Amino acid sequence: MSLNIGDKISLAIHDIAFGGEGVGRVDEFVIFVPFVLVGETVEAEITEVKKNFARAKLLRVEKPSQNRVDPPCVYFGRCGGCQYQHIDYAEQLRIKHKQIADLFERVGKIPSDKIAPVIPCPSPYGYRNRIMIRSQWNKPEQKLNIGFVRSDCGLVEDIKECKISEPALNEQILEVRENPPPKGGLKVVLRVQPENWEVPPDSFFQNNFFLLPKLVETVREFLRSGGTNYLADLYCGVGFFGIEVANTVERFVGVEYDQRAIRAARENATRRNISNGEFISAKVEEVLPDLLQKLSPEKTSVLIDPPRKGCQPEILELLRETRPSQVVYVSCHPATMARDLNILCGDDVFELVRVQPLDMFPQTQHVECVADLRAGQNLANPPKMVSTE
């Protein structure tokens, strides 16, 4: 069957791909459709045709899944922020677990039994503490749109609230609308400042306060089971992880290139009377070999929380060469994490003990993961499962 843009077809959905789109087939030709569920039959319109696949937009659900729910947000399906509001939350967790397991097996040859169940967020809505909204001049309607980039194009969807954001951010959205920027094309970052943490405007902080205790508990449990004396906290930002798990090790060192973040990290440690750590403003690749040599690799855990693009190749190679006793890898992008774990575990330099996913981003395709890797046969104390309750 030849498909063309504009064709309308009936499609049975048999999987949800990483990224949130449903997967259907016409004569074995793959078609991706957003906002659908496994088991559904839908009517869709072809919007893009490539050599090996096509994309379509959802027109109508002919046979709905029992896991389909009514999205509470009036912008869902147009605003590009959420992909899963039409899915029952328990089913969202099952989908994310399957996606991670499939991805890790495909990219890293990692068996699915290494992937623990996804820890749910206690607040599936109203959880985000940081968002970026954009302004764009709407020429046909002669008005300024303020909101998020649409899911189907590069235009900005005009919004008055965001259902996954904390109430304080929705108040800030209204303030921006009442006092709009002078022209389109501007980005405005809205943020709820974490209590008793110094965070410079451009510095990173986890965007979900509700699940943050479970994330810290996961990292702490991994470190305890690793049984090391020292911690090297790489890409440490404002010092969050090093400070939170300081009582798990004798000494820790945080490394971050951003000098303002380092100054904030030192202030955050002082506020909490943390005296067994220090923070260094430097490039990780320049200081890591000497740092591990001073701490002793066999007595050291390395914690890495890199940007979405993952670790730089030279960092991965340095970790393979220096071979610390344990690597705890925190990531909001499972694809780049799976790629990096595959490199770290090559030639059995490290062994993956477990990956713990946490749903830091309900209603969206995104998920946070923490991986526990050990050098050689350092598996005397396998970590306990973190409760998903």
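At-a-glance table
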read-out	value
Unique residue being open to solvent by less than 10 Å² (accessible area, probe 1.4 Å), out of contact with any His (no Cβ under 6 Å at 6 or more places or on another chain), assigned to a helix (DSSP H, G or I) and among the acidic types (Asp, Glu) when the list is Asp347, Asp340	Asp340
From Ile95, Ile146, residue being open to solvent by less than 30 Å² (accessible area, probe 1.4 Å), free of Cβ contacts under 8 Å to residues at least 60 places away in the same chain and within 29 Å of Arg55 (Cα to Cα)	Ile146
Restricting the range 107-121 to residues that are part of a helix (DSSP H, G or I) and under 17 Å from Ser331 (Cβ atoms), the residue that is least open to solvent (accessible area, probe 1.4 Å)	Gly108
Residues located in the range 251-290, provided they are touching a helix residue (DSSP H, G or I) at 6+ places or on another chain (Cβ under 9 Å), in a helix (DSSP H, G or I) and open to solvent by less than 40 Å² (accessible area, probe 1.4 Å)	Ala265, Asn268, Ala269, Val284, Leu288
Filter result (open to solvent by less than 60 Å² (accessible area, probe 1.4 Å) and assigned to a strand (DSSP E or B)) within the range 54-65	Ala54, Ala56, Leu58, Val61
Pairs where the first residue, in the range 212-230, is free of Cβ contacts under 8 Å to residues at least 40 places away in the same chain and the second is crowded, with 19+ Cβ neighbours inside 10 Å and not charged (D, E, K, R), C-beta under 6 Å, 6+ apart	Leu212/Gln206; Arg220/Val245
Qualifying position, being closer than 27 Å to Asp258 by Cα, buried (at least 17 other Cβ atoms within 10 Å of the Cβ), touching an Asp or Glu at 6+ places or on another chain (Cβ under 7 Å) and at pLDDT 95 or above, among Val330, Val370, Val353, Val302	Val330
Residue count for the range 208-250, restricted to those that are surrounded by 23 or more Cβ atoms within 10 Å (Cβ to Cβ) and acidic (Asp, Glu)	1
The range 22-37, residues that are open to solvent by 10 Å² or more (accessible area, probe 1.4 Å) and touching a residue at least 40 places away in the same chain (Cβ under 8 Å)	Pro34, Phe35
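The values are calculated or read from the model by the stated rules, or taken from the named source; none is laboratory data. Keep in mind that what you see is a predicted model, and the values were worked out from it rather than measured. Note that each Cβ is placed from the backbone with ideal geometry, even for glycine, and that neighbours are counted across all protein chains shown. Just so you know, the surface numbers come from the protein's heavy atoms only, side chains and all, with ligands and any DNA or RNA stripped out. Shrake-Rupley method; radii C 1.70, N 1.55, O 1.52, S 1.80 Å.
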